Each structure stands twice: as C-alpha cells, then as structure tokens.
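Student: Right, I'll just put the structure down here and ask away after.
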Amino acid sequence: MPPDKSVTAARFLAHDVLRDGQISMINDGLEVMSNGGFLLANAPTGIGKTAAALAAALTVARTDEGKHVIFMTGRQSQHRIVVDTVHNINNRLGENQSKVALVDMIGRESMCEYVDRGTGKCSCEQGTPESERENRRAGLRNLILSEPRHVDFTIKEATNRRVCAWATARSAASDADILVCDYNHVFIESVRKASLPSMGIELENCIIIVDEAHNLPDRIRRSLSRNLNDKILRDAIFNLEEHCETLEKKATQSAIDAANATRARACEKALRRFKKRLATWIRDQRDQLRNPGDVGAEIEVRVEGDYILSMLRQELSGDISGEKIDLDGLIAQLFMIQVEMDEDEDELPSERLAIVLSILNQYAQSPAMCVVLTSRGDENRITTHLLDPAIMSEEVFRTVRGGILMSGTLTPPKMYADSLGISSERPLITQSYPSPFLADRRPVLVASDVTSKYTARGPENTRKIRRHIHALLQNTPGHVAVFCQSYRMLEEIVEEADWPGRMLLIESRTWSKKRVDNAIQQLREARHRGTKVLIAGVFGGRLSEGVDYSGNILDAVVCVGIPIAPKSVPQDALREYIDGKHQGMGWMYGALQPAVNSVLQGMGRAIRKSEDRAFILLLDNRLLTGQYRMCLPSTLHTFTANDSKRTGRMVKRFFEHLPEPAKGD
C-alpha cells in the first residue's frame, strides 16, 4: 500500500509500504498532536509503532520552528531502533528537505570515564589543552548532528578526541530535531530542571514520545520510594563528621570556613540526637503493635511522615551552639558533603539521607504519599511510597506541546491517562491497534483445568500445571521460557521437578543485568549446539521485562498464574487512594490490571518482530472469565485446552505448520 495514498499528511515515513495498523496510528497521532493533544497507543510488537510515532511527531514538530521531539525509553536496545528508523526516514526525504538531526544520550556515569560526585567534574578531558577543548567538542558536535548516531559511536569518538561525550551531546541537543533519552530527563522534576534548560530545550516546545509507557507510572513511583533506617543515619553521620573535620582544618584560614564548620558540626550533633530519638519512637511503635511472644513477627504500619520530620526539626532547633538550622539547611548541608566514596556505592549515605528527607519535606502532608514503618526482629525501616504518579507527571502533560505514549501492553489506555494525570481538557485519543500477524504466528492457549488461586492450589493442581508444561516441551523444537507469579511458585513448579532433555536456567532474586545478559548468550550458544533450554523466571523480574529475546530465540512462553500484588499496607493504601480519586477503580487500577499486564509482558518476550513465531501457554483458568478476561486486550484471541493432551496436540500442530521462523516480513 503506497504511503502517499494512505497517509496524506505524514512527511517523515521510514518505509515504502505501511501496515494498516501503522497507518491508523500515524493518522491518529497527526490528528491529536496537531491540536495539542495526546495519543495513548496500545500497539503490539510488529505493528511498526516506533516508525509511526516518529512520522507523526516529526510532521507536527516541523510545522512550528523550534519544536523538539523527545523520545524516551528505558531500554538501550530501543535507542538503536530509533537511530536506525531515523536513518530510514532521512534516506527517503527529498533533496530539498532538511535531514532529521538526532542526539542519543544515556546516563552521565555511562557516557563519562569517571565523574567525581563531590565536584561534579569528569575526567574525560584530562590531558586535553584548554585551547583545544572547544574546537574538539565543536568537531564532535557537528559529527553527531551530521547524521543519526547511536550513543556508543559518540562515546567512542569522544574517547578518541579526549573530549566529554556527555557534555558534547548536551550541547548538540538544542540543534537536534530529536533527543533520545531516559524517562528521568522529563518526568523526574530535579533531573528535568537540571537537564533540559542546560541543553537549550524548553518543555513547552516539546513533543514527547514515551516508549514502553506501561512502565512509566511505576518508574515515577519508584523515584520517590526511599528507605530511612539506623544504618543510613549512622553512615550519613559518619560522612558528616568526616566533612566537619575537613572544614575545621580550614577554619583558621577564613571566617567563612569557620562559619561553615560550625554549621556542619551543628547538623552532625542534631542528627545524632535525632537518631536516638527516632530509635526510641520506633521501639514504642513496635511494642504497641506486637503481641507478647511475637518477637520475630514482622510489623508493617502506616505512620505520619510529618511527625518524623517534626522530631528532626525539634532537634535542629535545640542545638546548644546557638547556630540556627532549619530542615532545608540540613538537607543542603548533606548534599554538599564531599568525602571519598566506596567503589561499590552509587550514592553517599549522606546523599541517601538528604533524598529521603527531601521527599518527606515535600510530600509528607500529601494524601498521595504513604509512609510505612516495617519492623522485623532488630531490623527497622521507614519507607516512602508515592501512590499517585500524576503528582509528578501531570505538570509535564500540562506543559508539553503534545505527545504519544505507546506500548504493547498499554491496556487499557484510559487507565494510563487517568493514572498519569493527562488532563481531559487536552485532546486525547486512546486506541488499541490490531496486529496483522499475531493470531497466526503467536497463538495463545489458556488451560481451563488449572489455577493459581490460593484457595484452589494443591498437589493435584501442581501436577496438572507440570503436565501442561511437559506437553509443550515435548512438542517444541527450541527454547522455552516459563514465568511464574512468585519465586515460591517458581521453586514449586520448576525447581522441584524433572525436565528431561532440557538444560535449566533459573532466575534468582540476586541476578544482575550482567547475569541476565549472560543467560541470553547461553541461549544463543545452546541453540547453536542444538541444546534445548528451559529458562525460568518471575513476572516483573529480570527475565520477563526489558530483555530483548531477539532473533526468535524463544519458541514458546509459558505464563503460570496472575501476579496479584500481595496484601500489604502500601498496597491497601494505593487501592484506597485510587478508589477515592478514580471512582471505585482501586481494585482494577491498583491490583488486577497491572497483574494481567505483567502476564501480557511475559507473553510478549517471544515475539519481537513480525517474522518471529512462538506458542504461548497461559496456565490459569481465571483468564477465561469475568473481570480477569475483561483485562485482556479485545484484540487478543485465545484458544482453550481442558487437559495437557490437548495442549500437546495444539503445540505439535503449530510447529508442524511453522517449523522455522519466517525469513522476512
């Protein structure tokens, strides 16, 4: 289908032939963003959503001079896809059309050789004459803007030129049409205020594209989830004491140094008193709630964050030195501490304390903040939980020119519009786009004879689950991934069973990104040897989200259960808050839909391109009926198996029909 006849207004198309869903997404994006609104797109893998979003966003941005497109993603593999897509767009532009310029960025620690957290300076340009730095940066800046470059190229070229890749990329961003970066640059207020203005980018002149947008609410919530415990206080006091000693050595040199030393020492003394007072208060809370004899039982209770701050304020005001210190002054003092940091630390303890105190100071009185005291044995911690991501994101959506939020599991799109605070006064399109190939190349089978419902579990249910998995394994030619709703279930279903003819790779809680990358490499090497692998993890874990199983490395995925968040104080607070704000949607928005979306994420690991093929087996009959079924996308069509024999027959038939992945679209 020729694009010029299908999408009349789009001028930045990456492909000669467009899929029907891609055409619809481009047109929806053009319509809503031309009027300053937002498209929330539930778009499955293979529809070409990256190219569709860029075509619409660039067309709208180029109508107004000075507009930028910010493409945000939490996955570095997606950075390369964006760069390649813009290459394709540029190759199709006419001679009289200016090429699309792009800047690709990741975190500073990954772009610079070494960053001194105390001074904020990096070592990238050490040895480069000052007279040469600007010329070398300018040369690299022009190279970045000359054609779309992946961040790896920028880092390598900067290293060769002995200039800072991060600083150079930031300086190039103001002249780029597209900035590719992490969510933090826009949705974390402190990062946004430090980042965008220094790059010459004004938020009100931006069109935003949020990839994997189903992750955005939790990413925002996690940004304000911090712990306060005795160890953090102890280590922060130690940092502050070391800082005081350094200042006191300089105190004889000037009155300013002497005043700084006095203030720092006053803060240190106040924190010591607060540490003792907080420990006493926690002990009192714990004793009131714990039954006699339940010494080891865990206690979890919601507490008043403002009361915790009031104790700290009282200790700050009671300093015997007479030095007047307020909470803001203490936080500023903690942030400015410069001491040597351990190699395995990403933050100084003093910085961790400053962050949690800043969160409490800003949000303690907000109903959208839940502060929880957890106590087990001698371990006590206070944790901040943000209940409403809109507290931080609604300002962004109120300010930007428009945008697209997209994901293969942005379902239902309206839930994300509500959760993120996208105003009903702005034009809004929420749409789910059908896949042109998933029904044939990714059949989804739901077993009707098993469940993960707690009251229905038992040895016979476990045996049936294993029989379904065995039936699939016996008829699948390659690797299979199994995702369970918890590590306990993973142990019960997978670890405690025998899987003849399969090499096992089982995720643990301690797996790092490096270990995950190694596991993916093991899959590739095993396929080359002809060895079949059963790789197993949990929903929301390292293996089930954010991992690129490219090259159709998985032939099948099994999803066991539905990961409903267990009952807890913060989970109850979340549901109660959503009930009040969104008219009784607490169970749906706060527990059920996120759990089903985690299953959908697990399902999506196998299919990364339109030519891939894989069989999907869902082992929980609740997905066939009622509110659970309603949480599945309307475009998802499923089959049913009432026993493992039917599962085996359907898997066998599928792989007989599609023994190998297709060689092209």
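Student: Can you find, within region 119-163, the residue that is surrounded by the fewest Cβ atoms within 10 Å (Cβ to Cβ) among those that are on the phi > 0 side of the Ramachandran plot and touching a residue at least 12 places away in the same chain (Cβ under 8 Å)?
Tutor: Kept after step one, since they are on the phi > 0 side of the Ramachandran plot, are these residues of region 119-163: 120, 127, 162.
Now drop any that are not touching a residue at least 12 places away in the same chain (Cβ under 8 Å), which leaves 127, 162.
Working: 127: 7, 162: 16.
Top of the filtered list is 127.
Student: Next up: Return yes when residue 465 is surrounded by 15 or more Cβ atoms within 10 Å (Cβ to Cβ) and over 16 Å from residue 561 (Cβ atoms) and no when it is not. Explain how you work it out, then say what you get.
Tutor: Values: surrounded by 15 or more Cβ atoms within 10 Å (Cβ to Cβ): yes; over 16 Å from residue 561 (Cβ atoms): no.
So residue 465 fails the test.
Student: Something else: Can you confirm whether region 75-82 contains a residue that is in a loop (DSSP other than H, G, I, E, B) and either exposed (fewer than 12 other Cβ atoms within 10 Å of the Cβ) or at positive phi (or both)? Before you say what the answer is, go through the steps one by one.
Tutor: First, pick out the residues of region 75-82 that are in a loop (DSSP other than H, G, I, E, B): 75.
Add one more test, that the residue is either exposed (fewer than 12 other Cβ atoms within 10 Å of the Cβ) or at positive phi (or both), and what stays is none.
Taking every residue of region 75-82 in turn, none turns out to be in a loop (DSSP other than H, G, I, E, B) and either exposed (fewer than 12 other Cβ atoms within 10 Å of the Cβ) or at positive phi (or both).
Student: To continue, here is another question. Could you say whether any residue in region 164-176 is assigned to a loop (DSSP other than H, G, I, E, B), at negative phi and small (Gly, Ala, Ser)? Steps first, please.
Tutor: So in region 164-176, the residues assigned to a loop (DSSP other than H, G, I, E, B) come out as 164, 174-176.
Restricting the remaining residues to those that are at negative phi gives 164, 174-176.
Those left that are additionally small (Gly, Ala, Ser): 174, 176.
So far as region 164-176 goes, yes, one or more of its residues are assigned to a loop (DSSP other than H, G, I, E, B), at negative phi and small (Gly, Ala, Ser).
Student: Is it the case, given these coordinates, that residue 577 is more than 30 Å from residue 636 (Cα to Cα), surrounded by 16 or more Cβ atoms within 10 Å (Cβ to Cβ) and among the aromatic types (Phe, Trp, Tyr)? Let's see the steps before the verdict.
Tutor: Details: more than 30 Å from residue 636 (Cα to Cα): yes; surrounded by 16 or more Cβ atoms within 10 Å (Cβ to Cβ): yes; among the aromatic types (Phe, Trp, Tyr): yes.
Spelling it out, residue 577 is indeed more than 30 Å from residue 636 (Cα to Cα), surrounded by 16 or more Cβ atoms within 10 Å (Cβ to Cβ) and among the aromatic types (Phe, Trp, Tyr).
Student: Can I ask one more? So residue 466 fits all but one of (1) among the charged types (D, E, K, R); (2) modelled with pLDDT of 95 or more; (3) under 30 Å from residue 52 (Cα atoms); what number is the exception?
Tutor: For residue 466, the failing item is (3).
Student: Among the residues of region 177-189, is there at least one that is part of a loop (DSSP other than H, G, I, E, B) and on the phi > 0 side of the Ramachandran plot? Quick ask: steps written out before the conclusion?
Tutor: Filtering region 177-189 for residues part of a loop (DSSP other than H, G, I, E, B) gives 177, 182-183, 188.
Next, from what is left, pick out any that are on the phi > 0 side of the Ramachandran plot: none.
No; the residues of region 177-189 include none that is part of a loop (DSSP other than H, G, I, E, B) and on the phi > 0 side of the Ramachandran plot.
Student: Sort out which residues of region 414-456 are assigned to a strand (DSSP E or B) and farther than 23 Å from residue 594 by Cβ, and write them in order of number.
Tutor: The answer is 445, and nothing else.
Student: Can you list residue pairs whose Cβ atoms sit under 7 Å apart, with the first residue in region 241-260 being in contact (Cβ under 8 Å) with a residue 60 or more places away in the chain and of a type outside the set (A, V, I, L, M, F, W, C) and the second being surrounded by 13 or more Cβ atoms within 10 Å (Cβ to Cβ) and assigned to a helix (DSSP H, G or I)? Count only pairs 6 or more apart in sequence or on different chains.
Tutor: Filtered contacts from region 241-260: 243/264.
Student: Then there's this: Which one of these is part of a loop (DSSP other than H, G, I, E, B) and either at pLDDT 95 or above or not assigned by TED's automatic domain parsing to the domain that holds residue 413 (or both): 579, 665?
Tutor: Values: 579 fails: part of a loop (DSSP other than H, G, I, E, B).
Checking each option against the conditions leaves just 665.
Student: Could you count how many residues in region 47-74 are part of a helix (DSSP H, G or I) and either at positive phi or of a type in the set (S, T, N, Q) (or both)? Reasoning before the result, please.
Tutor: So in region 47-74, the residues part of a helix (DSSP H, G or I) come out as 49-61.
Now drop any that are not either at positive phi or of a type in the set (S, T, N, Q) (or both), which leaves 50, 59.
Residues flagged as part of a helix (DSSP H, G or I) and either at positive phi or of a type in the set (S, T, N, Q) (or both) within region 47-74 amount to 2.
Student: Then there is this: For residues in region 247-269 being in contact with a helix residue (DSSP H, G or I) (Cβ under 8 Å, 6 or more places away or on another chain) and not in a helix (DSSP H, G or I), which is nearest to residue 337 (Cα to Cα)?
Tutor: 251
Student: Could you list all residues from region 372-390 that are in contact (Cβ under 8 Å) with a residue 40 or more places away in the chain and under 22 Å from the mean Cα position of the chain (by Cα)?
Tutor: Matches in region 372-390: 383, 384, 385, 386, 387, 388, 389.
Student: Please go through region 467-507 and pick out each residue that is of a type in the set (Phe, Trp, Tyr) and over 24 Å from the mean Cα position of the chain (by Cα).
Tutor: Residues of region 467-507 of a type in the set (Phe, Trp, Tyr): 483, 487, 499.
Within region 467-507, 499 is the sole residue that qualifies.
Student: State yes or no: is residue 70 over 24 Å from residue 632 (Cβ atoms), among the β-branched types (Val, Ile, Thr) and in contact with a Ser or Thr (Cβ under 6 Å, 6 or more places away or on another chain)? Show your work before the answer.
Tutor: Values: over 24 Å from residue 632 (Cβ atoms): yes; among the β-branched types (Val, Ile, Thr): yes; in contact with a Ser or Thr (Cβ under 6 Å, 6 or more places away or on another chain): no.
When the stated conditions are applied, residue 70 does not pass them.
Student: Assuming residue 465 fulfils every condition listed in (1) part of a strand (DSSP E or B); (2) within 20 Å of residue 446 (Cβ to Cβ) apart from one, which condition is it?
Tutor: (1)
Student: Search region 450-477 for residues that are touching a residue at least 60 places away in the same chain (Cβ under 8 Å) and pair each with any residue that is in a helix (DSSP H, G or I) and aromatic (Phe, Trp, Tyr) when their beta-carbon atoms are under 7 Å apart and the residues are at least 6 apart or on different chains.
Tutor: What qualifies is 475/655; 476/655; 477/655.
Student: List every residue pair whose Cβ atoms sit under 9 Å apart, with the two residues 6 or more apart in sequence or on different chains, where the first one lies in region 567-585 and is among the polar types (S, T, N, Q) and the second, anywhere, is part of a helix (DSSP H, G or I) and surrounded by 15 or more Cβ atoms within 10 Å (Cβ to Cβ).
Tutor: Hits for this filter: 571/590; 571/591.
Student: Does residue 273 satisfy being of a type in the set (Lys, Arg), part of a helix (DSSP H, G or I), modelled with pLDDT of 85 or more and exposed (fewer than 15 other Cβ atoms within 10 Å of the Cβ)?
Tutor: No; evaluated as a whole, the condition is false for this residue.
Student: Restricting attention to region 468-493, which residues are surrounded by fewer than 21 Cβ atoms within 10 Å (Cβ to Cβ) and within 19 Å of residue 624 (Cα to Cα)?
Tutor: none
Student: Here's something else I'd like to know. In region 119-155, how many residues are within 23 Å of residue 88 (Cβ to Cβ) and part of a helix (DSSP H, G or I)? Break it down into steps so the answer makes sense when it comes.
Tutor: Taking region 119-155 and keeping what is within 23 Å of residue 88 (Cβ to Cβ), we get 142-154.
After this cut, where a residue has to be part of a helix (DSSP H, G or I) as well, the list is 142-146, 151-154.
The total comes to 9.
Student: Continuing with this model, one more query. Exactly one of (1) buried (at least 21 other Cβ atoms within 10 Å of the Cβ); (2) in contact with a strand residue (DSSP E or B) (Cβ under 8 Å, 6 or more places away or on another chain) is unmet by residue 372. Its number?
Tutor: Here residue 372 meets the rest and fails (1).
Student: Yes or no: region 526-547 includes at least one residue that is in contact with a Pro (Cβ under 9 Å, 6 or more places away or on another chain), among the small types (Gly, Ala, Ser), farther than 28 Å from residue 301 by Cβ and not assigned by TED's automatic domain parsing to the domain that holds residue 409.
Tutor: Quick first cut of region 526-547, residues in contact with a Pro (Cβ under 9 Å, 6 or more places away or on another chain) only: 532, 538-540.
Keeping just the survivors that are among the small types (Gly, Ala, Ser) gives 540.
Now narrow it down to the ones that are farther than 28 Å from residue 301 by Cβ: none.
No - not one qualifying residue is present in region 526-547.
Student: Can I ask one more? Any residue in region 16-23 that is over 22 Å from residue 439 (Cα atoms) and buried (at least 24 other Cβ atoms within 10 Å of the Cβ)?
Tutor: First pass over region 16-23, keeping only residues over 22 Å from residue 439 (Cα atoms): 16.
Then drop every residue that is not buried (at least 24 other Cβ atoms within 10 Å of the Cβ), which leaves none.
Looking through region 16-23, none of the residues is over 22 Å from residue 439 (Cα atoms) and buried (at least 24 other Cβ atoms within 10 Å of the Cβ).
Student: So is residue 113 in contact (Cβ under 8 Å) with a residue 40 or more places away in the chain and touching a Ser or Thr at 6+ places or on another chain (Cβ under 7 Å) or not? Walk me through how you get there before you give the answer.
Tutor: Numbers: in contact (Cβ under 8 Å) with a residue 40 or more places away in the chain: yes; touching a Ser or Thr at 6+ places or on another chain (Cβ under 7 Å): yes.
For residue 113, the condition - in contact (Cβ under 8 Å) with a residue 40 or more places away in the chain and touching a Ser or Thr at 6+ places or on another chain (Cβ under 7 Å) - is met.
Student: Kindly indicate whether residue 591 is part of a helix (DSSP H, G or I) and surrounded by fewer than 24 Cβ atoms within 10 Å (Cβ to Cβ).
Tutor: Working: part of a helix (DSSP H, G or I): yes; surrounded by fewer than 24 Cβ atoms within 10 Å (Cβ to Cβ): yes.
In short, yes.
Student: Right, next: From the list 170, 226, 219, pick out the single residue that is basic (Lys, Arg) and either crowded, with 23+ Cβ neighbours inside 10 Å or more than 24 Å from residue 338 (Cβ to Cβ) (or both).
Tutor: On inspection, the qualifying residue turns out to be 219.
The values are calculated or read from the model by the stated rules, or taken from the named source; none is laboratory data. No experiment lies behind these values; they were computed from the predicted model shown. Every residue, glycine as well, gets a Cβ built from its backbone with ideal geometry; the counts of neighbours run over all protein chains shown.
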